[in-house]
């Protein structure tokens with residue numbers, strides 16, 4: 001009878017060990033896949049930030065234009081906003097560095 005209990009215990013222990021190993025493999029695999037997709041999204045996030053900067057500069061130019069028309073701003077501030085937007089658009093078209101990201105020129 002003790003021999004039978006040892007065999008049952010060893011089978012149960014073997015099954016538990018097998019399940020634990022499968023769980024570890026699944027956890028490591030899912031972590032690896034998530035890390036890969038996270039690294040792919042980081043490059044996409046940079047393009048969104050660059051487009052956001054372009055929208056910000058456009059909104060800033062419109063705001064400076066309104067202030068200039070109202071008389072609460074001078075032409076130098078309007079020109080500065082226009083130059084920043086133009087510089088950003090040229091960099092987007094021809095390539096260069098924006099916010100620490102090296103952009104390739106558009107085809």
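Quick notes on this structure:
- The chain - percent relative contact order, Cα under 8 Å, separation 6 or more: 16 percent
- Residue 30-residue 73 pseudo-label distance in nm [points 7 Å out on the Cα-to-Cβ vector]: 5.1 nm
- Where (1) 28, 16, 10; (2) 74, 12, 5; (3) 65, 16, 7 are the candidate values, the label of the one calculated here for semi-axes √(5λ) of the Cα gyration tensor in Å is (3).
- If you plug the beta carbon distance of residue 9 and residue 102 into 1/(1 + (r/R0)^6) with R0 = 41 Å, you get a FRET efficiency near 0.10.
- Helix-only [θ]222 nm of the chain, DSSP H runs n ≥ 4, -39500 (n - 2.57) each, per residue, nearest 500: -31000 deg cm²/dmol
- Computed FRET value (nearest 0.05) for residue 82 with residue 37, which takes r as the C-beta separation and R₀ as 41 Å: 0.55
- Principal-axis tilt of helix 75-94 within the chain, Cα atoms, nearest 10 degrees: 50 degrees
- In degrees, nearest ten, helix 2-70 long axis to first principal axis of the chain (Cα): 0 degrees
All of the numbers you see were taken from the coordinates with simple rules; none came from a lab. This is a predicted model, so every value here is computed, not measured. Here the Cβ is made from the backbone with ideal geometry for all residues, glycine too, and neighbour counts use every protein chain on show.
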